[in-house]
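The next block holds one structure in the form of structure tokens; read it before the comments.
The values are calculated or read from the model by the stated rules, or taken from the named source; none is laboratory data. All of these numbers come straight from a predicted model, not from anything done at the bench. No Cβ is skipped: glycine too gets one built from the backbone with ideal geometry, and neighbour counts run over all protein chains shown. Each accessible area value is taken on the protein alone, full model and side chains, heavy atoms only, with ligands, DNA and RNA left out. Shrake-Rupley method; radii C 1.70, N 1.55, O 1.52, S 1.80 Å.
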Amino acid sequence: MNTQEYMIALGQQARQAASQMASADTGQKNRALLAMAAALDAARPVLEQANAEDMQAGRAKGLDAAMLDRLELTPARIDNMIEGLHQVAALADPIGGITGMNYRPSGIQVGKMRVPLGVIGIIYESRPNVTAEAASLCIKSGNATILRGGSEALKSNQAIAACIISGLREAGLPETAVQVVATTDREAVGQLISMPDYVDVIVPRGGKGLIERIARDARVPVIKHLDGVCHVYIDKAADKVKAINIALNAKTHRYGTCNTMETLLVHNEQAAAVLPDLAERYQASGVELRGCPDTLKLLPLIKAADESDWSTEYLAPVLAIKVVSSLEEAIQHINQYGSHHTDAIVTESYTDARVFLRAVDSSSVIVNASTRFADGFEYGLGAEIGISTDKIHARGPVGLEGLTSEKYVVLGDGHVRQ
């Protein structure tokens, strides 16, 4: 069987499973999720061994530090996978919910019912925990899914997939409701995004090149974001301690994530108070700083930023800093150079916070907290299937509701149109 035939077979099985998943009851789906969590917990030695082999192969291939960080499946990340499954099981089941029922002058009632999307193709790189997160959300939202992880995480993904299949089997759900692509052939991606008969939506998670290719070539709808050029703006009314703690966490908590701050904006009335302290802490963490001319006056030993720095997603210990003269200038800079992902303001001014919330055109806008909170787990979604910066039904972290649609339902009692 060649790659095209293999992917079509996966698609056919997923389509059949999707019809069963759409009618699965909440208890059955929750039993599957909890059984998966138990299987992951029991399989820790297997998961760690598989991941160790992937990590060793990744180092031999020369994967960079950011990629290796995303690839590593630490005990804490296994804990998070298990906790995510429990959280998703505890969430309300959106499927079948009817809202907005209203009587029309004709006497009929019209409303909307939430329904699954169908078959979701998910393409991702490095992070093996995505396998469990994506599977949990697709199962709870009544969808079937085809998961295509990166070749660098193949053994880790297959080990996690075995736990998922075990959970589906225990709950009496079709094992083909979650299928992890077993081939590393790059042609598999091209096939997956070109099967509208079998796949209803594609969710890519990975580097900009991968997402651009999928958005360009896909023949089915795509839920995506391209960049994570995130900002923290320290307002003139900011509390210094909060500002330093938030700006430090937003950059140094993890470097290789899409919600990591890449540009720090500081009001000129705060710059002298916060930048020297921040620079000392950043440099102690090994962060390279690049600043605008006003920043360089306060931090003469750092590098000068150029125009490209304002729109760069470093995914590395590099930070661009710009001093601005007003809230309006900060907002203009974010909307011009940002990626509409996540942006935060640090301020004690209610008015400035409200202006920032309204005017910044991003999928997550945060007041007095780190950009690192822009995450499905932190938002209470249990897990996320990705981040959407498109202005469609799903925007920001995509959880259960983002994997559903709505259909109109009409209730009558022998009504005919006059």
I'd like to know which of A177, L137, L147 lies farthest towards the positive end of the charge dipole of the range 134-194, counting +1 on Cβ of Lys and Arg and -1 on Cβ of Asp and Glu. L137
Dipole magnitude of the chain, debye to nearest 20 (Cβ charges: Lys/Arg +1, Asp/Glu -1, about Cα centre): 720 debye
Report the one residue of L248, Q332, Y233 whose Cα lies farthest in the direction of the positive end of the charge dipole of the range 223-374 (charges on C-beta: Lys and Arg +1, Asp and Glu -1; origin at the Cα centre). L248
About the Cα centre, charge dipole magnitude for the range 236-310 (Lys/Arg +1, Asp/Glu -1 at Cβ), debye: 240 debye
In Hz, Karplus ³J(HN,Hα) per residue of the range 101-108 (6.51, -1.76, 1.60; θ = phi - 60°; x = Gly, Pro): 5, 9, 6, 9, x, 6, x, 6
Counting only DSSP beta bridges with both residues in the chain, what percent are antiparallel, rounded to the nearest 5? 30 percent
Can you match Cα extents along the principal axes in Å to one of these, [x] 59, 43, 39; [y] 72, 66, 37; [z] 113, 46, 36, based on a calculation from the structure here? [y]
A correct Karplus calculation of ³J(HN,Hα) over the range 233-240, with 6.51 cos²θ - 1.76 cosθ + 1.60, θ = phi - 60°, whole Hz and x for Gly and Pro, returns 10, 8, 6, 5, 9, 6, 7, 4
Taking amide hydrogens as modeled 1.01 Å from N in the peptide plane, which residues meet the under 5 Å criterion relative to G291, leaving out close sequence neighbours? K303, A304, A305, I321
How much accessible area does H253 have with a 1.4 Å probe, in Å² rounded to the nearest 10? 110 Å²
Dipole of the chain [Lys/Arg +1, Asp/Glu -1 at C-beta], most positive-end residue of N102, P300, G62: N102
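Determine, from the Cβ-Cβ distance of V416 and A76 and an R0 of 56 Å, the FRET efficiency 1/(1 + (r/R0)^6), rounded to the nearest 0.05.
On the way: r = 62 Å, r/R0 = 1.11.
Working from the Cβ atoms, E equals 0.35.
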Calculated from backbone phi, Karplus (6.51, -1.76, 1.60) coupling profile of the range 50-60 in Hz, x at Gly/Pro: 4, 5, 4, 5, 5, 4, 4, 5, x, 5, 5
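Between A304 and V409, what is 0.36 nm times their sequence separation minus the Cα-Cα distance? Round to one decimal in nm.
Working: separation 105, 0.36 × 105 = 37.80 nm, distance 5.95 nm.
Computed gain between A304 and V409 is 31.9 nm.
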Interchain or long-range residues, amide H under 5 Å from S405's placed H: V115, L117
Where labels lie 7 Å past Cα in the beta-carbon direction, separation of E328 and T183 in nm: 5.8 nm
Going by amide H atoms built from the backbone, whose H comes under 5 Å of the H on T145, apart from near neighbours? I120, V178, Q179
Hey, which of these cross-link pairs are over 23 Å Cα-Cα: K251/K303; K236/K297; K251/K322; K208/K303; K29/K224; K240/K297? K208/K303; K29/K224
Length-normalised contact order for the chain - Cα pairs under 8 Å, 6+ apart - percent: 19 percent
